[in-house]
Amino acid sequence: MGESSNEWQAWLNSLDAGGRAAAESLRARFEALGAVDGGDWAKSEICEDLPHLARFMLLRSLWRGPIGSWSGPDAFDQLPAAQRLLAAGANEEDLVRLAQVIAFEAVCATLDELDSGSDVNVSGIDVGWLVMESAEDGSPTGRALSGLHEDLLSMDPSGRDGADFWH
């Protein structure tokens with residue numbers, strides 16, 4: 001990723017007026033949400049018809065919620081086990097990292113299951129699932145969000161792709 005502004009402009013110029021407006025609007029939405037390379041996300045969504053904005057929003061929400069929330073000042077207040085560990089001298093930064101790694105692994109496992117579309121350990125049952133983008137009114141757009149687990153690390157707000165989890 002990391003398309004130059006000249007490449008972005010050349011691509012924009014290849015679009016009709018409506019396409020340019022849609023691309024610029026989508027890029028602005030990505031950038032307002034803090035996406036690095038918002039133009040790349042927007043171009044891919046438009047050219048490949050992939051629901052990257054929905055994908056970005058879901059993964060960012062998972063990182064900020066279940067994973068990132070453990071670094072909040074009162075994250076351990078309602079957890080007696082954490083309070084006991086802190087009272088016994090445990091390092092709070094280590095507890096935060098441990099909680100975040102566990103949350104990250106749980107989110108990854110959940111995304112893997114969602115991405116698989118079925119329980120691969122059960123045979124003879126013809127049901128599965130699909131994560132799909134929805135329109136503003138909640139109706140499905142028909143565009144599936146797949147491979148979600150592949151980009152979770154890139155949502156790390158620190159920009160370190162979760163590398164500090166393993167230190």
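The values are calculated or read from the model by the stated rules, or taken from the named source; none is laboratory data. Please read these numbers as outputs of a predicted model, since none were measured by experiment. So basically every Cβ, Gly included, is an ideal-geometry build from the backbone, and we count neighbours across all protein chains shown. Each accessible area value is taken on the protein alone, full model and side chains, heavy atoms only, with ligands, DNA and RNA left out. Shrake-Rupley method; radii C 1.70, N 1.55, O 1.52, S 1.80 Å.
The selection criterion, being touching a strand residue (DSSP E or B) at 6+ places or on another chain (Cβ under 8 Å), open to solvent by 50 Å² or more (accessible area, probe 1.4 Å) and not polar (S, T, N, Q), does not hold for L114.
What do you reckon, is L53 more than 19 Å from the chain's Cα centre (by Cα) and surrounded by 14 or more Cβ atoms within 10 Å (Cβ to Cβ)? It is false that L53 is more than 19 Å from the chain's Cα centre (by Cα) and surrounded by 14 or more Cβ atoms within 10 Å (Cβ to Cβ). Does A103 satisfy being under 20 Å from the mean Cα position of the chain (by Cα), part of a helix (DSSP H, G or I) and either surrounded by fewer than 13 Cβ atoms within 10 Å (Cβ to Cβ) or basic (K, R) (or both)? When the stated conditions are applied, A103 does not pass them. Filtering region 62-74 for residues that are among the small types (G, A, S), part of a helix (DSSP H, G or I) and open to solvent by 70 Å² or more (accessible area, probe 1.4 Å) leaves a non-empty set.
Return the residue satisfying two criteria in turn: it lies in region 28-49 and is open to solvent by 60 Å² or more (accessible area, probe 1.4 Å) and over 23 Å from A144 (Cβ atoms), and of such residues it is modelled with the lowest pLDDT. If we take residues in region 28-49 being open to solvent by 60 Å² or more (accessible area, probe 1.4 Å) and over 23 Å from A144 (Cβ atoms), then V36 is modelled with the lowest pLDDT. Does D119 count as under 28 Å from W166 (Cα atoms), among the acidic types (D, E) and open to solvent by less than 70 Å² (accessible area, probe 1.4 Å)? No: the conditions fail for D119.
Filtering region 90-145 to residues that are under 21 Å from P66 (Cα atoms), in contact (Cβ under 8 Å) with a residue 12 or more places away in the chain and of a type in the set (S, T, N, Q) leaves only Q100. Scanning region 146-167 for residues that are open to solvent by 80 Å² or more (accessible area, probe 1.4 Å), part of a helix (DSSP H, G or I) and closer than 14 Å to I67 by Cα yields no hits at all. Which ones in region 122-134 are open to solvent by 40 Å² or more (accessible area, probe 1.4 Å) and of a type in the set (A, V, I, L, M)? If the condition is that a residue be open to solvent by 40 Å² or more (accessible area, probe 1.4 Å) and of a type in the set (A, V, I, L, M), then V122, I125, V127, L130, M132 are the ones that fit. Filtered by the rule that a residue be charged (D, E, K, R), in contact with a helix residue (DSSP H, G or I) (Cβ under 7 Å, 6 or more places away or on another chain) and farther than 15 Å from W63 by Cα, region 95-131 gives D112, D115.
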